[in-house]
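Each remark here refers to the structure printed beneath this line.
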Amino acid sequence: MSFLLGMGASLIGSAISGSSARRRASRQRKQAIANAKYQSPEELAWLKKTTDRSQYGDERYQIKKNLAIQPIVALADKTKTQASGNIIRQGLENSVIANEIRSKIDTDTQKRISEISIQLANMNEDFKLKNEEMVDRYNLDRSNRIRSITGQATNQYYSNIAGTSPGEIIGNMVGKIGSSISSSYGWNPKTNSFVEGTNEDGVWKFW
């Protein structure tokens, strides 16, 4: 009887220990996954800036465009001034020739501005595409990292809780009890029951 009481106490202790092990393993798994998902403030700032660039392009695009166009406009104004001086000196300021010269300067200027604008717009689209690829690569790498760590954490979790479920604990303990009973109890024909004793070379001696 004392043996059975001891095994019962051991069963309860194992159940409590198993429950504690499962909770600890669960916390470790959750922490590992949380760590994998964590994004630092610097990382979030980079992601926001890169995402904005992928959608809107270079934040300095308009500044670069203005800087590229200003020399063209300045050259056109200078050319107009020089042409106007020549026209006035020749007394042709209101002539058809004067108007054609001014119109040609304006047309050439607008054409050059249009070419530069298209070139810069294409560069800005390439810039947006490059940043979009960076965001996609970041999200894919992060997703793969989280999936990998989650899988590792889950495998570790099940490894840590192996043999700690109530069913497993009871099964193990019942097996031990059965083994102990078979080695510590035998059939006593005098009492027609299993009683505690010792088995020496196949011969039972009962207490």
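Laboratory data are not the source of any read-out in this text; all were calculated from the coordinates shown. Not measured: the values here are computed from a predicted model. Cβ coordinates were reconstructed from backbone atoms using ideal geometry, including for glycine residues, and neighbour counts include every protein chain displayed.
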Exercise. Given a Förster radius of 35 Å and the C-beta distance between Thr79 and Tyr56 as r, what FRET efficiency does 1/(1 + (r/R0)^6) yield to the nearest 0.05?
Worked result: 0.50
Exercise. Could you give the distance between the Cα centres of segment 23-62 and segment 68-105, to the whole Å?
Worked result: 56
For this session: Count neighbours as other Cβ atoms within 10 Å of each site's Cβ, and list the trypsin sites (Lys or Arg not before Pro) in segment 41-98 that are DSSP loop with at most 12 such neighbours.
Result: Arg60
